[in-house]
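Visitor: Take this structure first; my questions come after.
The values are calculated or read from the model by the stated rules, or taken from the named source; none is laboratory data. All values derive from a computational prediction rather than experimental measurement. FYI the Cβ positions are ideal-geometry reconstructions off the backbone, even for glycines, and counts take in every protein chain you see. For accessibility, only protein heavy atoms count, side chains too; no ligands or nucleic acids. Shrake-Rupley method; radii C 1.70, N 1.55, O 1.52, S 1.80 Å.
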Amino acid sequence: MSAIVANNLGKTYKTYKKKPGFWGAIKGLVSREYQSTHAAQGVSFTIEEGELVGFLGPNGAGKTTTLKMLSGLIHPTSGEATVLGFIPSERDNRFKKQFALVMGQKNALWWDLPAQESLELTAVIYEIEQESFRKRLDELTGLLDVRHKLNVMVRELSLGERMKFELINALIYNPKVLLLDEPTIGLDVNAQKTVREFLKGYNHENKITTILTSHYMQDIEELCERVMIIDHGHLVYNGRLDSILAQFSDHKIVNIECRTQIVPMDFSLMGEVLELKAQSLKIRVKRSRITTVCRDLLALEGVDDINIEEVPVEDIIREVFNQNKPVA
Amino acid sequence: MSAIRTYTTVFQTGLQNTFVYRWNFLIRMVFSFIPFFGMMFFWKAIYAGATSEEINGYTFGNMVFYFLLVSLFESLVMPLDDEWQISSDIRDGNLNSFLLKPISYLYYRFSLFLAGRLVYSVVTIAPLSILFISFGRFIDLPVDPAVYFYTALALVLAATLQFLICYTIALITFWILEVSTLVFIFFSLEYFFSGHLFPLDLMPEWIYRIIKWTPFPYELYFPIGIFNQRISGQEMVFGYLVQIAWIIICYVTARFLWSKGLKKYTAVGG
């Protein structure tokens, strides 16, 4: 049985369209014009037990709406979702005990108390034995390197430390399904890296089914083999990350650095010039022409260094968004 | 059994969390003495001009004792900012994290309310004692031990009723985002009809006969009346029954609003 099944999920919000200005507000009292917003439409996918899937899309594309439907926080207007065999919106306690949602921008810990207190309360709410609670707490705080912060008031923690405790708070009761909405948002590079490595190891060892949304492509690249891309409420891609990369990255980026001034010439014949400075050049080249272009570039006077990179995943994903039509 | 453990832990966590605000509580209590003193001057002037020593059975001393009890009982049963917290949980979407937990929001809030009351009462013991000692000559404690028991029972029910009323009003946030107007309307009715301003039996008989069917007297005046031995026997039994009836009404209303509100909440998406 798949851990998560979304079948033709749709959510339409009816929003009241307010006319501008004071008279608009008065008119709104008498007759209201409603506008339908399709936050999600016909979203279908299945996720197997233990999978870690990246969920991508621009702001307002329907990511959070979909996650909330899978959590049971909102009712789908059409279609249905099953998580671990439960219908989330029925909010069965047996479902809740196996499920966790972590939102990077929300705070579930007690602000004025040390994180330890919130965690202990969570353990009691989810009926975790004291002994296994201690063991898990020790393990998780160790992995995330926040053991020494357990007794510090949550409001005095850094954003990164707080996020780590949010994760611990969600994982302390050993859920089978974990939805992560922007868990690394606003964190510094080090904290992002710790969280990322932690998630990787945790998913690997515990076979926890995870959906992850993130604006940081590095999170997606390092953690997810499979991604789903949503745009304007439609699922536009659902498949392996590397195959989408192959499909869209038929370009590479070539950088050269020179000791002397680059002799001006028409580089646009080689590819798309991304950056041209006095002593350096950055150019986007079709994969099939890469060897020819490199040879030509190396033949230039005074070339010191050359390096060839893949097009960043961000750019590829952006390209998928821009196409805005179902692929694959 | 595990549910009891859950809510006692919520209660304990609430105790610690509320304790952070102990200084606010203390200052709040000390400043609530200002209206108390105002009340004393006011009644002193009235008694000075009165033709007899008693007004409707209250001597000046009885009146002082009445207001001392108002201060004490209020700190035991009155919600402080519970309705604002509940309201903002709904408005700001913090409710989401509770909906995901295997926990009842109503009992969760009630545990926190009780914790808040306990901390508030403990913190304000010192200023209250000073107040009671300075007006010690007016204190007229009941002799019959049963009266203490009856009062305690009425206080427990009053606290439950006060909490359920504030919880119910706060739930209206599901429909109108800003409930402060409602809260203030209710608060002013409460202030007047719960016996906060003057003992309710000073009111014309016919008004009192109407308001004793409303929930207001049972939020504060009823336990004071029992302790003052102005309410006893059949009248007291009637009081308990009305108090319990209102608790049931509020509970059922709260449950109803919660399930309706949640439907709306999950439809528009927290």
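Visitor: Return the pairs, sorted by first residue and then second, in which the second residue is open to solvent by 40 Å² or more (accessible area, probe 1.4 Å), the first residue lies in the range A:187-204 and is aliphatic (A, V, I, L, M), the beta carbons are less than 7 Å apart, and the residues are 6+ apart or on different chains.
Guide: Qualifying pairs under 7 Å: A:LEU187/A:LEU159.
Visitor: Another question, then. Considering only the range B:89-115, how many residues are within 13 Å of chain A (Cβ to nearest Cβ), farther than 17 Å from B:ARG255 by Cβ and either in a helix (DSSP H, G or I) or touching a Leu at 6+ places or on another chain (Cβ under 7 Å) (or both)?
Guide: Adding up the residues that qualify gives 7.
Visitor: Could you count how many residues in the range B:16-43 are outside any loop (DSSP other than H, G, I, E, B) and either touching a helix residue (DSSP H, G or I) at 6+ places or on another chain (Cβ under 7 Å) or within 14 Å of chain A (Cβ to nearest Cβ) (or both)?
Guide: Adding up the residues that qualify gives 16.
Visitor: Does the range B:128-143 contain any residue that is open to solvent by less than 30 Å² (accessible area, probe 1.4 Å), more than 14 Å from chain A (Cβ to nearest Cβ) and more than 29 Å from B:ILE27 (Cα to Cα)?
Guide: Yes: the range B:128-143 contains one or more residues that are open to solvent by less than 30 Å² (accessible area, probe 1.4 Å), more than 14 Å from chain A (Cβ to nearest Cβ) and more than 29 Å from B:ILE27 (Cα to Cα).
Visitor: Taking the condition over 25 Å from B:LEU68 (Cα atoms), exposed (fewer than 14 other Cβ atoms within 10 Å of the Cβ) and not polar (S, T, N, Q), does B:LEU262 pass? First the steps, then the outcome.
Guide: Details: over 25 Å from B:LEU68 (Cα atoms): yes; exposed (fewer than 14 other Cβ atoms within 10 Å of the Cβ): no; not polar (S, T, N, Q): yes.
No: the conditions fail for B:LEU262.
Visitor: Taking the conditions exactly as written (in contact with a helix residue (DSSP H, G or I) (Cβ under 6 Å, 6 or more places away or on another chain), open to solvent by 60 Å² or more (accessible area, probe 1.4 Å) and touching a residue at least 24 places away in the same chain (Cβ under 8 Å)), does A:GLU301 satisfy them or not? Explain how you work it out, then say what you get.
Guide: Values: in contact with a helix residue (DSSP H, G or I) (Cβ under 6 Å, 6 or more places away or on another chain): no; open to solvent by 60 Å² or more (accessible area, probe 1.4 Å): yes; touching a residue at least 24 places away in the same chain (Cβ under 8 Å): yes.
Considered against the rule, which asks whether it is in contact with a helix residue (DSSP H, G or I) (Cβ under 6 Å, 6 or more places away or on another chain), open to solvent by 60 Å² or more (accessible area, probe 1.4 Å) and touching a residue at least 24 places away in the same chain (Cβ under 8 Å), A:GLU301 comes out as no.
Visitor: Taking the options B:LEU220, B:LEU197, B:LEU241, name whichever one is within 24 Å of B:ASP140 (Cβ to Cβ), free of Cβ contacts under 8 Å to residues at least 40 places away in the same chain and within 19 Å of the chain's Cα centre (by Cα).
Guide: Numbers: B:LEU220 fails: free of Cβ contacts under 8 Å to residues at least 40 places away in the same chain; B:LEU241 fails: within 24 Å of B:ASP140 (Cβ to Cβ).
The match here is B:LEU197.
Visitor: For residues in the range A:84-129 being aromatic (Phe, Trp, Tyr) and open to solvent by 30 Å² or more (accessible area, probe 1.4 Å), which is farthest from the other protein chains (Cβ to nearest Cβ)? Please lay out each step first, then the result.
Guide: Keep residues of the range A:84-129 that are aromatic (Phe, Trp, Tyr), which gives A:86, A:95, A:99, A:110-111, A:126.
From what is left, the residues that are open to solvent by 30 Å² or more (accessible area, probe 1.4 Å) are A:86, A:110-111.
Numbers: A:PHE86: 13, A:TRP110: 6, A:TRP111: 9 Å.
The residue in question is A:PHE86.
Visitor: Could you check how many residues of the range B:209-242 are of a type outside the set (D, E, K, R), assigned to a helix (DSSP H, G or I), open to solvent by 40 Å² or more (accessible area, probe 1.4 Å) and more than 17 Å from B:LEU164 (Cα to Cα)? Can you show your working first?
Guide: Taking the range B:209-242 and keeping what is of a type outside the set (D, E, K, R), we get B:210-211, B:213-218, B:220-229, B:231-234, B:236-242.
Going one step further and asking which of them are assigned to a helix (DSSP H, G or I), we end up with B:210-211, B:216-218, B:221-227, B:233-234, B:236-242.
Checking which are open to solvent by 40 Å² or more (accessible area, probe 1.4 Å) leaves us with B:210, B:233-234, B:237-238, B:241.
Checking the rest, the ones that are also more than 17 Å from B:LEU164 (Cα to Cα) come to B:210, B:233-234, B:237-238.
The number of residues fulfilling the criteria is 5.
Visitor: Now, a different point. Failed condition for A:ARG295, given (1) of a type in the set (D, E, K, R); (2) open to solvent by 70 Å² or more (accessible area, probe 1.4 Å); (3) in contact with a strand residue (DSSP E or B) (Cβ under 8 Å, 6 or more places away or on another chain), with all others met?
Guide: The failed condition is (3).
Visitor: To continue, here is another question. Counting just the residues of the range B:86-113 that are free of Cβ contacts under 8 Å to residues at least 12 places away in the same chain and open to solvent by 40 Å² or more (accessible area, probe 1.4 Å), which one comes out nearest to B:LEU157 (Cα to Cα)?
Guide: Ranking the qualifying residues of the range B:86-113, first place goes to B:ASN94.
Visitor: Just give me the residues in the range A:130-144 being within 14 Å of chain B (Cβ to nearest Cβ) and modelled with pLDDT under 95, in sequence order. Let's see the steps before the verdict.
Guide: In the first step, residues of the range A:130-144 are kept if they are within 14 Å of chain B (Cβ to nearest Cβ); the result is A:130, A:133.
Correct list: A:GLN130 only.
Visitor: Still on this structure, I have one more. Report yes if some residue within the range B:114-123 is over 24 Å from B:PRO215 (Cα atoms), without any contact (Cβ under 8 Å) to a residue 12 or more places away in the chain and open to solvent by 30 Å² or more (accessible area, probe 1.4 Å); otherwise report no.
Guide: yes
Visitor: Right, another one. Which condition breaks for A:ARG147 when tested against (1) within 14 Å of another protein chain (Cβ to nearest Cβ); (2) farther than 21 Å from A:GLN105 by Cα; (3) free of Cβ contacts under 8 Å to residues at least 12 places away in the same chain?
Guide: (1)
Visitor: Sticking with this one: How do the pairs read when you match residues in the range B:170-184 that are within 15 Å of B:ASP89 (Cβ to Cβ) with residues anywhere that are assigned to a loop (DSSP other than H, G, I, E, B), using Cβ under 6 Å and keeping only pairs 6 or more apart or on different chains?
Guide: B:ILE172/B:VAL179; B:THR173/B:VAL179
Visitor: May I pose another question? Assuming A:TRP23 fulfils every condition listed in (1) within 11 Å of chain B (Cβ to nearest Cβ); (2) at negative phi; (3) not basic (Lys, Arg) apart from one, which condition is it?
Guide: It fails just one condition, (1).
Visitor: Can you spot a residue in the range A:56-79 that is farther than 30 Å from A:VAL320 by Cβ, more than 13 Å from chain B (Cβ to nearest Cβ), open to solvent by 10 Å² or more (accessible area, probe 1.4 Å) and modelled with pLDDT of 90 or more?
Guide: Initially, the range A:56-79 is screened for residues farther than 30 Å from A:VAL320 by Cβ, giving none.
No; the residues of the range A:56-79 include none that is farther than 30 Å from A:VAL320 by Cβ, more than 13 Å from chain B (Cβ to nearest Cβ), open to solvent by 10 Å² or more (accessible area, probe 1.4 Å) and modelled with pLDDT of 90 or more.
Visitor: Which residue out of A:ILE230, A:ILE290 is in contact (Cβ under 8 Å) with a residue 12 or more places away in the chain, assigned by TED's automatic domain parsing to the domain that holds A:LYS11 and either surrounded by fewer than 17 Cβ atoms within 10 Å (Cβ to Cβ) or not polar (S, T, N, Q) (or both)? Don't jump to the end; show me each part of the working.
Guide: Working: A:ILE290 fails: assigned by TED's automatic domain parsing to the domain that holds A:LYS11.
Of A:ILE230, A:ILE290, the one residue that is in contact (Cβ under 8 Å) with a residue 12 or more places away in the chain, assigned by TED's automatic domain parsing to the domain that holds A:LYS11 and either surrounded by fewer than 17 Cβ atoms within 10 Å (Cβ to Cβ) or not polar (S, T, N, Q) (or both) is A:ILE230.
Visitor: Among residues belonging to the range A:1-54 that are closer than 30 Å to A:HIS204 by Cα and part of a loop (DSSP other than H, G, I, E, B), point out the one that is most open to solvent (accessible area, probe 1.4 Å). Even if it seems obvious, please write down each step before you answer.
Guide: Taking the range A:1-54 and keeping what is closer than 30 Å to A:HIS204 by Cα, we get A:1-9, A:43-54.
Narrowing the set further to residues that are part of a loop (DSSP other than H, G, I, E, B) leaves A:1-3, A:48-51.
Numbers: A:MET1: 176, A:SER2: 26, A:ALA3: 5, A:GLU48: 82, A:GLU49: 137, A:GLY50: 17, A:GLU51: 48 Å².
Out of the qualifying residues, it is A:MET1.
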